[in-house]
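Scroll down for the structure; my scribbles are underneath it.
The values are calculated or read from the model by the stated rules, or taken from the named source; none is laboratory data. Treat the numbers as computed from the prediction; the structure is a model and nothing was measured. Because the Cβ atoms are built from the backbone with ideal geometry, glycine has one as well, and the counts that use them run over all protein chains shown. When the accessible area is computed, the model is the full protein with side chains, heavy atoms only, and any ligands, DNA or RNA have been set aside. Shrake-Rupley method; radii C 1.70, N 1.55, O 1.52, S 1.80 Å.
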Amino acid sequence: MANGETYFGTARGRVDGPAKVTGSARYAAEFAAADLAHGHVVSAAIAKGRIAAIETAAAEAVHGVLRIFTHANRPGTAWRDARYRDEVAPPGSPFRPLHDAKIVFSGQPIALVVAEDDATARYAASLLRVRYAAEPHATDLERQRGQAYVPRRKRTGIAPPPKPRGDAQKAFDAAPVRIDHEYRVAVEHHNPMEPHASTVIWEGDGRITVHDKIQGVQNSLGYITGVFGLSQKNVRVLSPFVGGAFGSGLRPQYQLFLAVMAALDLKRSVRVELTRDQMFTLGYRPATIQRVALGAAPDGTLQAILHDAIAGTSTFEDYQEVVVNWSSLLYHCDNVALTYRLAQIDTYTPADMRAPGATLGVFALESAIDELAYAAGVDPLEIRRRNYTRTDENEGKDFTSKELMECYRLGAERFGWSRRSAAPRSMREGRELVGWGVASGAWEAMMMKTSARAALTADGRLEVATATADIGTGTYTILTQIAADALGLPMESVTARIGDSALPHSPVEGGSWTAASAGSAVQAACRAVREKLFSAARAAENSPLANADPSHVRFVNGRIVLAADPARFITVADAMRAAGLERLEEEATASPDSATQKRYSAYTHSAIFAEVRVDAQLGVVRVTRIVNAVAAGRIINPRTARSQIIGGVVFGLGMALTEESLPDHALGRFMNHNLGEYHIPVNADVPAIDVIFVDEHDDKASPLGVKGLGEIGIVGSAAAIANAVYHATGTRVRSLPMTLDKLLPEKPAGRA
Amino acid sequence: MNRFAYLRPTDIAEAVRAIAADPSARFIAGGTNLLDLMKYEVERPTRLIDITRLPGLDAVEETASGGLRIGALVPNADLAHDPRIAARYPLLASAILAGASPQLRNAASTGGNLLQRTRCYYFYDVGTPCNKRAPGAGCPAIDGVNRIHAILGTSTHCIATHPSDMCVALAALEAKVHVAGPNGERTIAIGDFHRLPEDRPDIDTTLAHDEIIVAVELPAEGFAGHCTYLKLRDRLSYAFALVSVAVGLAMDGDAIGRARIALGGVAHKPWRVPEAEALLQGRPPTEESYAAAADRLLAGARAYRDNGFKIELARRAITRGLAQAASGTPQSQTDKRIR
């Protein structure tokens, strides 16, 4: 009963686009209730110590203030850590807002002022006087790196470094060509457009509806019921639209705890929305110091890879991500030694941020490979081809598919790589130095167990539903396409519902797994409906399909037709009427195939090419061209897919050139906590970005043959730009972002 | 944000009386900076005096001496796109367009632009000490995150920079600021309008609390043929200057006749050194001439922890700016390639 594909693989506009551009799509802080109260968070000014006293009298005296919650008067919540541990929590003891007088990071929420309106809450919050007993803090990873340790408990879903292969140190010492450097990337904060917010609607009788900015409503549901001891039937979490998140919405954030706490205590609806500067008190891409040492034969063939990373984490959780494993995944090498350690600093726990770990590790690796290319006198693209691997040497498995070689070929062709002159500083135009760089990218193509429901009604409309999220990625649209194809309906007849904890189970939307997971679940549910519908169609009186086998029919344009004779059909509506069905509803679960997983590794790959122009005297960098060739299995919707890749590239451009959360280690605090001084790229910084989707057949990574696109766009971007900057200037910047001060050429001779 | 009274006077005299009566009152026009400062609790005015309805402050008019008088309420965007400004004072138009975003330039007023406060991180974060917010509290920027801070004219109390682009051009053009107060009008030279931090970094300008800016006057000389505004920053638009340079030259045959150079992003005020400009008089437009002027402009520059690069960056920006102006090829604010 394989159906033709009308929509799968075709460029479609977003089905939720009109709602978004007309403002009818509502976000967490836009829901209201007649009894809505507003909470404003008060943030700690020190990084470590205790609250000696909070004077609340002046704030309480403000007309309209309802309650000021602090550690001294907060309602009781669950005792055990396990209750606070959400789906994606790293090992450790999750942060508990207002738990006690202890301060463990700067910006920690220490009070919630709840008032009749937001302005009153905010004003009253400014009247709180907090006295601290400060203790010496340590926020500088450079000074704590000596304390680094291998995390005892591993984070679920995060592969630790593979066991060493061969003798990397010995091979490195003996190698004719060697590269050995440290690489750094500044701390970055996610900075989605929509600030984190939770609106808790008090429904009476202890029931609440929670509008939360979250990438997984069921993750928030589990957190709320665990922490506050509520029954699942009394809590519903909704997050139909998310204004960007990039990983910051994977874990429930502290505003959710505070809003639910206040609503349950006051028995009325409460909204808590963070300010932009408070967005810099959430998790972040961790400071990570990496060392990459490569040894190679004179022709650039790798003989040794050593990659060590030390990453910052909080004092209460061992946040982990995959940083170093990429070094022995992307290239063939017999002698490999990779290590990953953590060092504790007095900040909040870092958080997954778009392609967590890979952006950092691949920047270091792909910079080092570039350095090796120059040292060996081999073209940077050729050295990557020369060290290509066809198998996952970390796991000793074959790939489900890997068309990276084709990415290199097609990307190079589109970019015009063959016209590149080899030497740094050799492509000058007037005052500008032109540079071309390349980097590879990889990200795991994961699929997670996900359930979905499909409901067909007699009017020919189909609704598909699963609890996943759409964080701007296009989930609504691709689910609609998949469902429409499965039942041969026009997309206009299909509605996708997501972002509701009452819907069938879905994991958080993250890790680039949603298209494969939710997509496969929706397809399975639709197929279950199709089987029932086919039975009904065959049983209908005088059915033209009476003797048909499922393999003989197609579902096309609201009809079930005989493939051999399309003139013979029964409409979906007639089939349902004949069976007396008003509604045909099926639920199905799609899971990854464990036998396949045991035998194969699944990854997306990319080859990204960048052109930069650097003012020779002033160090000002402009990225003028990007070509990104991506192999990610089948592409459901080339239009939304392209947007995903473009977004990733821009994110990587920010990492390469502009984004940096600046810590003041004396104060233990990030200082540039606003979008004026934290520099996300603006339009002027972003060139035309040419995205190529390379044909890649994959029948193992997921039932749909798709691999996911959320992360792969960013992975190689920073390295490609850094490599282009080196080619332009001859200056190797190993510390991102490459602000112009790092590119100011040496002072002319003879000048003081 | 604190609670405040709001009033909307209908003439300048009433506005001046209102501000004179309340030391914690503030004028508000575009509000593009003040509202941010209020949200961050940096400014807590008891009274906002909305001057946007004051008559007679929204025009650009010819002066008897051949210059232009710009009303204090003329929006930055209108000013930059005024044909007389674009033709006779392209340096000013260019500087305005180098700053902020179209939305902000639409809202921001000429007078308000003169009164922008620094973008020092610490000044905006009431969780940290700051001598500009609370004299005597201390300055964590001096030994802290100071990559964007001043290299010239700093004090042991404050190393903040003045953030405006427009004012750097006004300094190079030797504009005058007309202000009204309880005792009538007076005129302040732009070079005397902003002050160095010294031991009172809380005071940005020489404008008294009970005075209001009514106009900015441009003299006749606009250096229209040979000028540039070159702004170097951490992204290609919508960022404050790390270093900016406004240059106006009057050429005398093949040599430089008169020169004006003002720097932004390096001090608590737009930075001018007349002796540096004098060094260029009668000199050929060469790298050597420019370097001598740059050295004189940057004499006494001091590097703090993170901002030492600004000294060399400023030197090169001055050199490039002078070359752009001399060759009559001013920096475009839309094409981001530096000329």
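Numerical summary
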| read-out | value |
| --- | --- |
| Dipole magnitude of the stretch B:227-326, debye to nearest 20 (Cβ charges: Lys/Arg +1, Asp/Glu -1, about Cα centre) | 460 debye |
| Centre separation in Å (Cα based) which lies between the stretch B:35-79 and the stretch A:200-248 | 47 Å |
| Amide H contacts of A:Gln303 (H built 1.01 Å from N, under 5 Å, at least 5 apart or other chain) | A:Gly295, A:Ala296, A:Ala297 |
| For the stretch A:70-87, Karplus couplings with θ = phi - 60° (6.51, -1.76, 1.60), whole Hz, Gly/Pro x | 9, 4, 6, 10, 5, x, x, 9, 4, 8, 7, 4, 4, 5, 9, 8, 8, 3 |
| Fraction of alpha-carbon pairs over 15 Å apart in the stretch B:227-326 - percent | 57 percent |
| 12 Å beta-carbon shell around A:Arg559, net charge (K/R +1, D/E -1) | +1 |
| Prolate/oblate/rounded label for the stretch B:5-53 (Cα gyration tensor, a/c 1.5) | oblate |
| Positive-end residue, the protein assembly as shown charge dipole about Cα centroid, Cβ charges, pick of A:Ala632, A:Val324, A:Val65 | A:Val324 |
| Cβ neighbours within 10 Å from other chains - mean over A:676-686 | 5 |
| Dipole magnitude of the protein assembly as shown, debye to nearest 20 (Cβ charges: Lys/Arg +1, Asp/Glu -1, about Cα centre) | 940 debye |
| Solvent-accessible area of A:Leu618 with every protein chain in place, 1.4 Å probe, in Å² to the nearest 10 | 0 Å² |
| Within 10 Å of each Cβ in B:119-126, the average number of Cβ atoms from other chains | 5 |
| Extent along principal axes [Cα atoms of the stretch B:177-293; Å; largest to smallest] | 50, 34, 29 |
| Rounded to whole Hz, the Karplus (6.51, -1.76, 1.60) HN-Hα couplings of the stretch A:18-30, x for glycine and proline | x, 5, 6, 7, 9, x, 7, 6, 9, 9, 3, 8, 9 |
| Simple label model, 7 Å out from Cα along Cβ direction - A:Ala564 to B:Glu221, nm | 9.7 nm |
| Residue-normalised accessible area of chain B, given per residue in Å² at a 1.4 Å probe | 37 Å² |
| Flagged links, alpha-carbon separation over 32 Å, of A:Lys163/A:Lys213; B:Lys132/B:Lys231; A:Lys48/A:Lys707 | A:Lys163/A:Lys213; A:Lys48/A:Lys707 |
| Sparse-neighbourhood loop sites, trypsin sites (Lys or Arg not before Pro) in the stretch A:53-132 - DSSP loop, at most 12 other Cβ within 10 angstrom | A:Arg80 |
| Chain B: DSSP helices with Cα axial extent of at least 24 Å and average Kyte-Doolittle hydropathy no lower than -1.0 | B:309-326 |
| DSSP-assigned coil residues among trypsin sites (Lys or Arg not before Pro) in the stretch A:261-293, each with at most 16 further Cβ atoms within 10 Å | A:Lys267, A:Arg276 |
| Test item: B:309-320 mean partner chain Cβ contacts at 10 Å | 4 |
| Phi to ³J(HN,Hα) by Karplus 6.51 cos²θ - 1.76 cosθ + 1.60 over the stretch B:136-151, Hz, x for Gly, Pro | x, 6, x, 10, x, 5, 4, 10, x, 7, 10, 4, 9, 8, 7, 10 |
| Range of Cα positions in the stretch A:1-114 per principal axis (Å), largest first | 68, 41, 25 |
| For chain A, alpha-carbon Rg relative to the globular expectation (2.2 N^0.38 Å, N residues) | 1.01 |
| Computed over the stretch A:215-294, the ratio Rg/Rh where both radii use C-alpha atoms and Rh is Kirkwood | 1.10 |
| For peptides A:470-476, A:418-424, B:70-76, sequence by mean Cβ density within 10 Å, most packed first | A:470-476, B:70-76, A:418-424 |
| Other-chain or far-sequence residues with amide H under 5 Å of A:Thr339's (modelled H) | A:His307, A:Asp308, A:Ala309 |
| Chains A and B together, accessible area buried on both sides, 1.4 angstrom probe, square angstrom | 3800 Å² |
| Residues B:Arg17 and B:Gln103, FRET efficiency given R0 of 35 Å [Cβ-Cβ distance, rounded to 0.05] | 0.60 |
| Alpha carbon centroid spacing (whole Å) that separates the stretch A:423-484 from the stretch A:311-350 | 26 Å |
| C-alpha center-to-center spacing [the stretch A:132-191, the stretch A:582-599] in angstrom | 38 Å |
| In the stretch A:491-590, GluC sites (Glu not before Pro) in a DSSP loop with at most 12 other beta-carbon atoms within 10 Å | A:Glu541, A:Glu582 |
| Per residue, the convex hull volume that the Cα atoms of the stretch A:562-662 enclose (Å³) | 292 Å³ |
| Projected-area average for chain B over all orientations - Cα convex hull basis, square nanometres | 16.2 nm² |
| For A:Tyr603, residues with placed amide H under 5 Å, excluding near neighbours | A:Thr400, A:Ser401, A:Ala445 |
